[in-house]
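All remarks here apply to the structure that follows.
The values are calculated or read from the model by the stated rules, or taken from the named source; none is laboratory data. Because the structure is predicted, anything quoted here is derived from the model rather than measured. Positions of Cβ are generated from backbone atoms using ideal geometry, with glycine treated the same way; all protein chains shown enter the neighbour counts.
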Amino acid sequence: MKYIKRWSLMHSNREENDMEHTMEVTIIAHALALIGNKKFDKNYNIECVLNYALYHECSEVITGDLPTPVKYFNKDINVAYKDLETLASKKLVATLDEFLQEDYEKALLPDKESEEYKIVKCADKISAYIKCIDEVNVGNKEFKKAYNSIGKEVKSIDIPEVKYFIDNILPSFTKSLDELD
């Protein structure tokens, strides 16, 4: 897998690659889906959540990563980039043997209206916030604005399993290893 600097406009104390980010998003999405299913009587398809999370950055192998401030600078850029991501995902699927294409197409071109996709998007946002927490905790002031804005976004998500994660799990990411009980 191609490694891409995720925070290319900001100086990080620790660089993160797509594989690390993908694993973190997958773990968080899995936790959110389990919390939703077990605590809030949701009916997330766990396999679908895991597949969406595992493959959510694959199009970047072709497109590269566009920094968030650029990606969301205006609607036209955002729409064009989303279209480019879709084309890249379709190209990746087309490179596979035909007997694999249907299954990978489901993962690489997710149903964006599904609850499973929405929970993966929440996990992706939480992962970005955790990156900001890590950077701010080691004194990187460059992440302070992102920490505040992404933190506000994450805390405004009105999904019970996300709120549960924020209240009960996320605080552990602000602590050092010695502070964890």
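For this structure, a couple of remarks:
- Residue among ILE150, ILE130 that is within 18 Å of GLU16 (Cβ to Cβ), in the same structural domain as THR22 (by TED's automatic domain parsing) and in contact (Cβ under 8 Å) with a residue 60 or more places away in the chain: ILE130
- Residue check for ASP103: in contact with a His (Cβ under 9 Å, 6 or more places away or on another chain) and either polar (S, T, N, Q) or surrounded by 12 or more Cβ atoms within 10 Å (Cβ to Cβ) (or both): no
- The residue pairs whose first member lies in the stretch 104-122 and is over 17 Å from LEU32 (Cβ atoms), whose second member is among the acidic types (Asp, Glu), and whose beta carbons are closer than 6 Å, counting only pairs six or more residues apart or on different chains, do not exist in this structure.
- Filter pass, LEU177 being of a type in the set (A, V, I, L, M) and surrounded by fewer than 16 Cβ atoms within 10 Å (Cβ to Cβ): yes
- Test: residue in the stretch 51-71 that is of a type in the set (Phe, Trp, Tyr), modelled with pLDDT of 90 or more and touching a Pro at 6+ places or on another chain (Cβ under 6 Å): yes
- Pairs are defined by a Cβ separation below 9 Å, a sequence spacing of at least 6 or placement on different chains, a first member in the stretch 154-181 that is outside any helix (DSSP H, G or I), and a second member that is among the hydroxyl-bearing types (Ser, Thr, Tyr); the pairs so defined are LEU180/SER172.
- Restricted to the stretch 1-40, and to residues there that are assigned to a loop (DSSP other than H, G, I, E, B) and crowded, with 16+ Cβ neighbours inside 10 Å, the residue that is modelled with the highest pLDDT is GLU16.
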